[in-house]
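Structure first, commentary second.
The values are calculated or read from the model by the stated rules, or taken from the named source; none is laboratory data. Nothing here was measured: the structure is a model prediction, and the numbers come from that model. Positions of Cβ are backbone-derived with ideal geometry, glycine not excepted, and every protein chain shown enters the neighbour counts. Note: accessible area is taken over every heavy atom of the protein model, side chains too, but ligands, DNA and RNA are not part of it. Shrake-Rupley method; radii C 1.70, N 1.55, O 1.52, S 1.80 Å.
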Amino acid sequence: MPTRRTWDIFCTVVDNYGDIGVGFRLARQLAAEHGLRVRLWVADLSTFQRICPEVALALELQTVRGVEVRRWTEPFPDVAPADVVVEAFGCSLPGSYVAAMAAMQRKPVWINLEYLSAEAWVLGCHGLASPHPRLPLVKYFFFPGFVSGTGGLLAEGGLARRRSAFQQDAAARTGFWRSLGLPEPRPGELAVSLFCYENAAVPELLAAWAKGASPVRCLVPEGRVLPQVSAYFGETAGAGSVFCNGNLEVRILPFMEQERYDLLLWACDLNFVRGEDSFVRAQWAAKPLVWHIYPQEEGAHWNKIAAFLEIYCADLPRDAAAWLRRLWLAWNEGDGAGPAWSGFCEHRAALERHARLWAEQLAEHGDLASNLVHFCNKLL
Ligand code: TRH
(Lines give C-alpha, C1' and ligand atoms only; values in the text may rest on other atoms or scores of the structure.)
Protein backbone atom coordinates (compact mmCIF):
# COMPACT_ATOMS: atom_id res chain seq x y z
CA MET A 1 0.00 0.00 0.00
CA PRO A 2 1.50 3.42 -0.91
CA THR A 3 2.40 5.58 2.10
CA ARG A 4 0.11 8.50 2.67
CA ARG A 5 1.58 11.90 1.91
CA THR A 6 2.12 14.11 4.91
CA TRP A 7 1.21 17.78 5.19
CA ASP A 8 2.14 20.30 7.87
CA ILE A 9 -0.03 23.42 8.15
CA PHE A 10 1.23 26.27 10.31
CA CYS A 11 -1.19 28.78 11.68
CA THR A 12 -0.75 31.72 14.02
CA VAL A 13 -3.77 33.59 15.27
CA VAL A 14 -3.51 37.32 14.67
CA ASP A 15 -6.35 38.76 16.68
CA ASN A 16 -9.45 37.08 15.33
CA TYR A 17 -10.84 33.73 14.25
CA GLY A 18 -10.23 33.86 10.50
CA ASP A 19 -6.70 32.45 10.39
CA ILE A 20 -7.47 29.38 12.44
CA GLY A 21 -10.93 29.18 10.86
CA VAL A 22 -9.39 28.80 7.42
CA GLY A 23 -6.43 26.68 8.60
CA PHE A 24 -8.66 24.14 10.34
CA ARG A 25 -11.14 24.00 7.49
CA LEU A 26 -8.33 23.30 5.02
CA ALA A 27 -6.68 20.71 7.29
CA ARG A 28 -9.95 18.84 7.82
CA GLN A 29 -10.73 18.71 4.15
CA LEU A 30 -7.25 17.53 3.15
CA ALA A 31 -7.49 14.69 5.66
CA ALA A 32 -11.10 13.72 4.97
CA GLU A 33 -11.27 14.07 1.20
CA HIS A 34 -7.71 13.64 -0.01
CA GLY A 35 -6.49 10.87 2.30
CA LEU A 36 -3.55 12.95 3.55
CA ARG A 37 -1.89 12.84 6.96
CA VAL A 38 -2.26 16.37 8.19
CA ARG A 39 -0.62 18.03 11.18
CA LEU A 40 -1.95 21.45 12.11
CA TRP A 41 0.47 23.55 14.18
CA VAL A 42 -1.47 26.14 16.16
CA ALA A 43 0.01 28.92 18.25
CA ASP A 44 -3.20 29.77 20.13
CA LEU A 45 -5.41 26.84 21.13
CA SER A 46 -7.90 28.93 23.08
CA THR A 47 -9.07 30.84 19.99
CA PHE A 48 -9.20 27.52 18.16
CA GLN A 49 -11.37 26.08 20.95
CA ARG A 50 -14.00 28.79 20.42
CA ILE A 51 -14.71 27.63 16.88
CA CYS A 52 -14.19 23.94 17.77
CA PRO A 53 -15.06 23.22 21.43
CA GLU A 54 -13.60 19.71 21.38
CA VAL A 55 -10.06 21.15 21.23
CA ALA A 56 -8.36 20.48 24.60
CA LEU A 57 -6.26 23.40 25.79
CA ALA A 58 -3.78 21.37 27.84
CA LEU A 59 -2.71 18.91 25.17
CA GLU A 60 0.47 19.28 23.12
CA LEU A 61 -0.84 16.71 20.65
CA GLN A 62 -4.41 15.64 19.92
CA THR A 63 -6.48 14.39 17.01
CA VAL A 64 -9.43 16.55 16.10
CA ARG A 65 -11.74 15.53 13.23
CA GLY A 66 -9.06 13.48 11.55
CA VAL A 67 -6.37 16.15 11.93
CA GLU A 68 -3.35 15.87 14.22
CA VAL A 69 -3.35 19.15 16.13
CA ARG A 70 -0.01 20.18 17.60
CA ARG A 71 0.70 23.12 19.83
CA TRP A 72 3.24 25.40 18.15
CA THR A 73 5.72 25.90 20.97
CA GLU A 74 8.95 27.80 21.34
CA PRO A 75 11.50 26.19 21.09
CA PHE A 76 9.95 24.20 18.29
CA PRO A 77 10.07 20.39 18.68
CA ASP A 78 12.51 18.40 16.64
CA VAL A 79 10.21 16.82 14.03
CA ALA A 80 10.74 15.58 10.49
CA PRO A 81 9.16 18.04 8.04
CA ALA A 82 6.20 16.87 5.98
CA ASP A 83 6.06 16.36 2.19
CA VAL A 84 4.07 19.58 1.87
CA VAL A 85 4.42 22.53 4.23
CA VAL A 86 1.74 25.22 4.27
CA GLU A 87 2.52 28.52 5.90
CA ALA A 88 -0.89 30.12 6.37
CA PHE A 89 -1.04 33.87 5.83
CA GLY A 90 2.68 34.53 5.96
CA CYS A 91 3.15 33.30 9.54
CA SER A 92 6.92 32.72 9.67
CA LEU A 93 7.93 29.10 10.08
CA PRO A 94 10.19 28.20 13.00
CA GLY A 95 13.87 28.61 12.02
CA SER A 96 14.78 25.07 13.12
CA TYR A 97 11.98 23.62 11.00
CA VAL A 98 13.09 25.56 7.91
CA ALA A 99 16.66 24.32 8.48
CA ALA A 100 15.32 20.75 8.69
CA MET A 101 13.42 21.28 5.41
CA ALA A 102 16.61 22.47 3.74
CA ALA A 103 18.52 19.43 5.00
CA MET A 104 16.10 16.94 3.49
CA GLN A 105 17.18 15.03 0.47
CA ARG A 106 13.82 15.53 -1.24
CA LYS A 107 12.80 19.06 -0.34
CA PRO A 108 9.22 19.58 0.79
CA VAL A 109 6.84 21.63 -1.31
CA TRP A 110 6.56 24.92 0.58
CA ILE A 111 3.35 26.88 0.15
CA ASN A 112 2.50 30.33 1.39
CA LEU A 113 -1.29 30.37 1.56
CA GLU A 114 -2.25 34.00 1.07
CA TYR A 115 -5.19 36.13 2.14
CA LEU A 116 -8.23 36.30 -0.09
CA SER A 117 -8.56 39.22 -2.46
CA ALA A 118 -10.48 39.91 -5.67
CA GLU A 119 -7.85 42.38 -6.89
CA ALA A 120 -6.62 41.78 -10.43
CA TRP A 121 -2.92 41.51 -9.44
CA VAL A 122 -3.70 38.23 -7.68
CA LEU A 123 -3.94 36.50 -11.07
CA GLY A 124 -0.36 37.49 -11.85
CA CYS A 125 0.99 36.30 -8.50
CA HIS A 126 -0.91 33.07 -7.93
CA GLY A 127 1.48 30.12 -8.12
CA LEU A 128 4.65 32.21 -8.33
CA ALA A 129 7.85 30.68 -7.02
CA SER A 130 10.14 32.53 -4.63
CA PRO A 131 13.55 30.93 -4.10
CA HIS A 132 14.91 31.21 -0.55
CA PRO A 133 17.72 33.79 -0.42
CA ARG A 134 20.16 31.41 1.33
CA LEU A 135 18.78 27.88 1.49
CA PRO A 136 18.02 25.39 -1.29
CA LEU A 137 14.27 25.87 -0.87
CA VAL A 138 11.52 27.41 -2.97
CA LYS A 139 8.32 28.88 -1.61
CA TYR A 140 5.19 29.08 -3.78
CA PHE A 141 2.48 31.67 -3.37
CA PHE A 142 -1.00 30.24 -3.46
CA PHE A 143 -3.85 32.74 -3.65
CA PRO A 144 -7.48 31.98 -2.98
CA GLY A 145 -9.81 33.78 -5.33
CA PHE A 146 -13.18 34.16 -6.97
CA VAL A 147 -12.20 33.60 -10.60
CA SER A 148 -10.44 30.91 -12.59
CA GLY A 149 -6.69 31.32 -12.59
CA THR A 150 -6.69 31.66 -8.78
CA GLY A 151 -6.74 28.93 -6.14
CA GLY A 152 -10.53 29.18 -5.68
CA LEU A 153 -12.33 29.09 -2.35
CA LEU A 154 -12.49 26.51 0.40
CA ALA A 155 -15.59 24.35 0.04
CA GLU A 156 -15.86 20.83 1.34
CA GLY A 157 -17.39 18.15 -0.89
CA GLY A 158 -21.19 18.11 -0.87
CA LEU A 159 -21.47 21.58 0.66
CA ALA A 160 -23.96 22.96 -1.88
CA ARG A 161 -26.05 19.79 -1.67
CA ARG A 162 -26.19 19.89 2.15
CA ARG A 163 -26.97 23.59 2.14
CA SER A 164 -29.82 23.35 -0.32
CA ALA A 165 -31.23 20.25 1.43
CA PHE A 166 -31.31 22.24 4.69
CA GLN A 167 -32.83 25.29 3.04
CA GLN A 168 -35.57 23.20 1.44
CA ASP A 169 -36.35 21.20 4.58
CA ALA A 170 -38.79 23.08 6.81
CA ALA A 171 -38.37 20.56 9.64
CA ALA A 172 -34.56 20.92 9.59
CA ARG A 173 -34.88 24.71 9.75
CA THR A 174 -37.42 24.55 12.58
CA GLY A 175 -35.11 22.15 14.42
CA PHE A 176 -32.24 24.59 14.06
CA TRP A 177 -34.25 27.57 15.37
CA ARG A 178 -35.48 25.40 18.28
CA SER A 179 -31.90 24.42 19.09
CA LEU A 180 -31.26 28.14 19.57
CA GLY A 181 -34.33 28.34 21.80
CA LEU A 182 -36.24 30.30 19.16
CA PRO A 183 -39.46 29.80 17.24
CA GLU A 184 -39.43 29.89 13.40
CA PRO A 185 -39.37 33.46 12.07
CA ARG A 186 -42.94 34.68 11.55
CA PRO A 187 -44.21 35.05 7.96
CA GLY A 188 -42.84 38.30 6.58
CA GLU A 189 -40.18 38.57 9.29
CA LEU A 190 -36.66 39.05 7.97
CA ALA A 191 -34.03 36.93 9.73
CA VAL A 192 -30.64 38.65 9.72
CA SER A 193 -27.36 37.48 11.23
CA LEU A 194 -24.92 40.16 12.30
CA PHE A 195 -21.20 39.39 12.67
CA CYS A 196 -18.93 42.41 12.34
CA TYR A 197 -16.16 44.45 13.90
CA GLU A 198 -16.84 47.58 15.95
CA ASN A 199 -18.91 49.63 13.54
CA ALA A 200 -20.22 53.16 14.02
CA ALA A 201 -23.10 52.45 11.63
CA VAL A 202 -24.69 49.88 13.97
CA PRO A 203 -27.08 52.29 15.76
CA GLU A 204 -28.46 53.79 12.55
CA LEU A 205 -28.98 50.36 11.03
CA LEU A 206 -30.79 49.11 14.14
CA ALA A 207 -32.89 52.29 14.10
CA ALA A 208 -33.79 51.74 10.42
CA TRP A 209 -34.90 48.19 11.22
CA ALA A 210 -36.89 49.35 14.26
CA LYS A 211 -38.76 51.91 12.14
CA GLY A 212 -39.04 49.68 9.06
CA ALA A 213 -42.30 48.44 7.55
CA SER A 214 -41.56 44.73 8.13
CA PRO A 215 -40.33 42.95 11.22
CA VAL A 216 -36.64 42.09 11.53
CA ARG A 217 -35.15 39.40 13.76
CA CYS A 218 -31.47 40.17 14.17
CA LEU A 219 -29.22 37.43 15.53
CA VAL A 220 -25.89 38.57 16.88
CA PRO A 221 -23.25 36.03 17.87
CA GLU A 222 -21.28 37.33 20.87
CA GLY A 223 -18.33 39.42 19.83
CA ARG A 224 -16.82 42.82 19.21
CA VAL A 225 -20.08 44.51 18.24
CA LEU A 226 -21.81 43.95 21.59
CA PRO A 227 -20.81 47.30 23.15
CA GLN A 228 -22.58 49.08 20.31
CA VAL A 229 -25.69 46.96 20.66
CA SER A 230 -25.61 47.65 24.42
CA ALA A 231 -25.25 51.38 23.82
CA TYR A 232 -28.17 51.44 21.38
CA PHE A 233 -30.53 49.68 23.80
CA GLY A 234 -29.03 51.30 26.92
CA GLU A 235 -28.49 47.91 28.57
CA THR A 236 -25.57 45.50 28.74
CA ALA A 237 -25.85 42.85 26.03
CA GLY A 238 -24.57 39.29 26.54
CA ALA A 239 -25.40 35.81 25.28
CA GLY A 240 -29.11 35.24 25.83
CA SER A 241 -30.08 38.95 25.83
CA VAL A 242 -33.21 39.87 23.91
CA PHE A 243 -34.00 43.47 22.99
CA CYS A 244 -37.03 44.86 21.20
CA ASN A 245 -37.70 48.21 19.65
CA GLY A 246 -40.53 48.84 17.17
CA ASN A 247 -40.31 46.26 14.43
CA LEU A 248 -36.90 45.04 15.55
CA GLU A 249 -36.00 42.14 17.82
CA VAL A 250 -32.31 41.57 18.58
CA ARG A 251 -31.10 38.34 20.13
CA ILE A 252 -27.54 37.79 21.27
CA LEU A 253 -26.38 34.24 20.62
CA PRO A 254 -23.48 32.44 22.25
CA PHE A 255 -20.51 32.16 19.91
CA MET A 256 -21.11 28.82 18.20
CA GLU A 257 -18.95 26.15 16.67
CA GLN A 258 -18.06 26.53 13.00
CA GLU A 259 -20.60 24.04 11.60
CA ARG A 260 -23.46 25.57 13.55
CA TYR A 261 -22.53 29.02 12.36
CA ASP A 262 -22.99 27.70 8.82
CA LEU A 263 -26.53 26.65 9.71
CA LEU A 264 -27.22 30.16 10.96
CA LEU A 265 -26.02 31.59 7.63
CA TRP A 266 -28.16 29.11 5.72
CA ALA A 267 -31.24 29.78 7.87
CA CYS A 268 -31.13 33.60 7.70
CA ASP A 269 -32.44 35.73 4.83
CA LEU A 270 -29.50 38.10 4.98
CA ASN A 271 -26.07 37.79 6.57
CA PHE A 272 -23.71 40.50 7.75
CA VAL A 273 -20.27 38.91 7.79
CA ARG A 274 -16.67 40.02 8.14
CA GLY A 275 -13.02 39.14 7.51
CA GLU A 276 -12.44 36.23 5.21
CA ASP A 277 -13.92 32.93 6.28
CA SER A 278 -17.42 34.06 7.29
CA PHE A 279 -17.43 36.18 4.12
CA VAL A 280 -16.82 33.06 2.02
CA ARG A 281 -19.28 30.93 3.97
CA ALA A 282 -21.97 33.57 3.47
CA GLN A 283 -21.41 33.34 -0.28
CA TRP A 284 -21.79 29.56 -0.12
CA ALA A 285 -25.01 30.13 1.86
CA ALA A 286 -26.43 31.54 -1.40
CA LYS A 287 -28.17 34.37 0.46
CA PRO A 288 -27.64 38.13 0.17
CA LEU A 289 -24.75 39.38 2.30
CA VAL A 290 -23.12 42.53 3.57
CA TRP A 291 -19.37 42.42 4.15
CA HIS A 292 -17.46 44.25 6.85
CA ILE A 293 -13.93 43.95 5.54
CA TYR A 294 -11.00 43.67 7.96
CA PRO A 295 -9.77 47.28 8.14
CA GLN A 296 -6.12 47.63 7.19
CA GLU A 297 -3.61 50.35 7.85
CA GLU A 298 -3.42 53.02 5.17
CA GLY A 299 -6.83 51.96 3.86
CA ALA A 300 -5.55 49.06 1.73
CA HIS A 301 -8.91 47.36 2.32
CA TRP A 302 -10.78 49.90 0.16
CA ASN A 303 -9.17 48.55 -3.01
CA LYS A 304 -10.11 45.05 -1.93
CA ILE A 305 -13.73 45.90 -1.37
CA ALA A 306 -13.94 47.82 -4.66
CA ALA A 307 -12.41 44.87 -6.52
CA PHE A 308 -14.90 42.44 -5.02
CA LEU A 309 -17.87 44.72 -5.70
CA GLU A 310 -16.77 45.03 -9.30
CA ILE A 311 -17.02 41.30 -9.92
CA TYR A 312 -19.96 40.62 -7.61
CA CYS A 313 -22.09 43.35 -9.16
CA ALA A 314 -21.18 42.63 -12.79
CA ASP A 315 -24.34 40.59 -13.45
CA LEU A 316 -26.69 42.34 -11.04
CA PRO A 317 -29.45 44.63 -12.37
CA ARG A 318 -28.18 48.23 -12.24
CA ASP A 319 -30.41 49.56 -9.46
CA ALA A 320 -29.89 46.56 -7.21
CA ALA A 321 -26.13 46.86 -7.75
CA ALA A 322 -26.19 50.56 -6.91
CA TRP A 323 -28.02 49.96 -3.61
CA LEU A 324 -25.84 47.03 -2.70
CA ARG A 325 -22.73 49.15 -3.26
CA ARG A 326 -24.23 51.97 -1.27
CA LEU A 327 -25.03 49.81 1.74
CA TRP A 328 -21.69 47.98 1.68
CA LEU A 329 -19.70 51.20 1.46
CA ALA A 330 -21.78 52.92 4.15
CA TRP A 331 -21.37 49.88 6.40
CA ASN A 332 -17.60 49.96 5.98
CA GLU A 333 -17.39 53.72 6.35
CA GLY A 334 -19.51 53.54 9.49
CA ASP A 335 -21.96 56.12 8.21
CA GLY A 336 -25.09 56.13 6.06
CA ALA A 337 -26.22 52.53 6.49
CA GLY A 338 -29.66 53.66 7.69
CA PRO A 339 -30.62 55.52 4.48
CA ALA A 340 -28.98 52.82 2.32
CA TRP A 341 -31.04 50.08 3.97
CA SER A 342 -34.41 51.02 2.43
CA GLY A 343 -33.10 50.87 -1.16
CA PHE A 344 -31.23 47.64 -0.51
CA CYS A 345 -34.35 46.11 0.98
CA GLU A 346 -36.49 47.09 -2.02
CA HIS A 347 -34.19 45.04 -4.27
CA ARG A 348 -34.19 41.96 -2.09
CA ALA A 349 -35.72 39.67 -4.72
CA ALA A 350 -33.01 40.52 -7.27
CA LEU A 351 -30.30 40.22 -4.62
CA GLU A 352 -31.59 36.80 -3.58
CA ARG A 353 -31.62 35.52 -7.17
CA HIS A 354 -28.14 36.86 -7.66
CA ALA A 355 -26.80 35.26 -4.47
CA ARG A 356 -27.96 31.83 -5.72
CA LEU A 357 -26.39 32.32 -9.15
CA TRP A 358 -23.17 33.67 -7.63
CA ALA A 359 -22.73 30.55 -5.45
CA GLU A 360 -23.20 28.35 -8.54
CA GLN A 361 -20.73 30.43 -10.52
CA LEU A 362 -18.08 30.25 -7.77
CA ALA A 363 -18.35 26.47 -7.62
CA GLU A 364 -17.23 26.27 -11.26
CA HIS A 365 -13.65 27.19 -10.32
CA GLY A 366 -13.11 24.09 -8.18
CA ASP A 367 -12.43 24.15 -4.46
CA LEU A 368 -9.25 25.47 -2.90
CA ALA A 369 -8.18 22.24 -1.18
CA SER A 370 -8.43 20.21 -4.40
CA ASN A 371 -6.73 22.96 -6.40
CA LEU A 372 -3.92 23.08 -3.83
CA VAL A 373 -3.45 19.30 -3.81
CA HIS A 374 -3.28 19.32 -7.59
CA PHE A 375 -0.75 22.18 -7.56
CA CYS A 376 1.47 20.41 -5.00
CA ASN A 377 1.24 16.99 -6.63
CA LYS A 378 2.77 18.44 -9.79
CA LEU A 379 5.75 19.65 -7.72
CA LEU A 380 6.25 16.53 -5.61
O1 TRH B 1 -12.49 36.61 12.86
P2 TRH B 1 -12.29 37.37 11.61
O3 TRH B 1 -12.40 38.80 11.72
O4 TRH B 1 -10.88 37.01 11.01
C5 TRH B 1 -10.10 37.97 10.34
C6 TRH B 1 -10.00 37.66 8.89
O7 TRH B 1 -9.71 36.34 8.58
C8 TRH B 1 -8.96 38.56 8.26
O9 TRH B 1 -8.79 38.21 6.90
C10 TRH B 1 -7.67 38.43 9.00
O11 TRH B 1 -6.72 39.23 8.46
C12 TRH B 1 -7.92 38.82 10.44
O13 TRH B 1 -8.87 37.96 11.00
C14 TRH B 1 -6.67 38.76 11.27
O15 TRH B 1 -13.38 36.90 10.51
P16 TRH B 1 -13.53 35.56 9.66
O17 TRH B 1 -12.43 35.42 8.69
O18 TRH B 1 -14.88 35.58 9.15
O19 TRH B 1 -13.41 34.38 10.72
C20 TRH B 1 -14.40 34.08 11.65
C21 TRH B 1 -14.41 32.59 11.92
O22 TRH B 1 -15.19 32.33 13.07
C23 TRH B 1 -15.00 31.79 10.78
O24 TRH B 1 -14.29 30.56 10.62
C25 TRH B 1 -16.41 31.47 11.27
C26 TRH B 1 -16.16 31.35 12.74
N27 TRH B 1 -17.33 31.57 13.61
C28 TRH B 1 -17.74 30.53 14.41
O29 TRH B 1 -17.15 29.43 14.38
N30 TRH B 1 -18.78 30.75 15.25
C31 TRH B 1 -19.47 31.93 15.32
O32 TRH B 1 -20.42 32.06 16.12
C33 TRH B 1 -19.04 32.98 14.44
C34 TRH B 1 -19.78 34.29 14.47
C35 TRH B 1 -17.97 32.77 13.62
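Per residue, region 159-363 exposes an accessible area of 42 Å² to a 1.4 Å probe, with every protein chain left in place. Sparsely packed loop sites in region 312-380 (the GluC sites (Glu not before Pro) outside DSSP H, G, I, E and B with at most 14 other Cβ atoms within 10 Å) comprise Glu364. Annotation: amide H-H contacts under 5 Å for Phe272 (H modelled 1.01 Å from N, sequence separation of 5 or more, or interchain): Ser193, Leu194, Phe195, Val290.
Put simply, region 159-363 fits an ellipsoid with semi-axes of 23, 22, 17 Å; these come from the alpha carbon gyration tensor as the roots of five times its eigenvalues, largest first. Taken along its three principal axes, the alpha carbon spread of the chain comes to 69, 44, 41 Å, from the longest extent down to the shortest.
Please list Ser370, Ser179 from largest to smallest accessible area, probe radius 1.4 Å, with all protein chains kept in place.
Ser179, Ser370
The distance linking region 38-114 with region 131-199 is 24 Å (Cα centroid to Cα centroid, whole angstrom).
When the Kirkwood hydrodynamic radius is evaluated over all pairs of different C-alpha atoms of region 229-282, what value in angstrom, to one decimal, is obtained?
Computed over region 229-282, the radius equals 12.7 Å.
Of the beta bridges in the chain, as assigned by DSSP with both residues counted there, near 20 percent are antiparallel. The fraction of accessible area contributed by carbon and sulfur in the chain is 53 percent, rounded to a whole number (1.4 Å probe; ligands and nucleic acids excluded).
The alpha-carbon positions of region 75-231 define a convex hull whose volume is 232 Å³ per residue.
The relative contact order of region 159-363, computed from alpha carbon pairs under 8 Å that lie at least 6 residues apart in sequence, is 21 percent. Principal semi-axes of the equivalent ellipsoid, √(5λ) from the alpha carbon gyration tensor of region 182-300, are 21, 18, 14 Å from largest down. Counting only protein heavy atoms and using a 1.4 Å probe, the accessible area of Ser164 comes to about 40 Å². Computed over the chain, relative contact order equals 15 percent, with contacts defined as Cα pairs under 8 Å that lie 6+ residues apart. Comparing Gln62, Gln168, Gln105 in a Gaussian network model of the chain (Cα springs below 10 Å), the most mobile by mean-square fluctuation is Gln105. Shape of region 273-313 from the C-alpha gyration tensor: oblate (a/c of 1.5 or more and a/b not above b/c, with a ≥ b ≥ c the square roots of its eigenvalues). Ordered by solvent-accessible area of protein heavy atoms (1.4 Å probe), largest first, the residues Glu249, Glu198 come out as Glu198, Glu249. For region 47-63, putting each phi into the Karplus relation 6.51 cos²θ - 1.76 cosθ + 1.60 with θ = phi - 60° gives couplings of 5, 4, 4, 5, 8, 9, x, 6, 5, 8, 5, 7, 8, 7, 9, 7, 10 Hz, in residue order, rounded to whole numbers and with x for Gly and Pro.
Among the trypsin sites (Lys or Arg not before Pro) in region 125-171, which ones are in a DSSP loop with at most 11 other Cβ atoms within 10 Å of the Cβ? Mind listing them? Here the sparse-neighbourhood loop sites are Arg134. Take 118-124, 146-152, 170-176 and order them by the average number of nearby Cβ atoms within 10 Å per residue, most first; the result is 146-152, 118-124, 170-176. Over the chain, DSSP H runs of length four or greater, each weighted -39,500 (n - 2.57), average out per residue to a 222 nm ellipticity of -13000 deg cm²/dmol.
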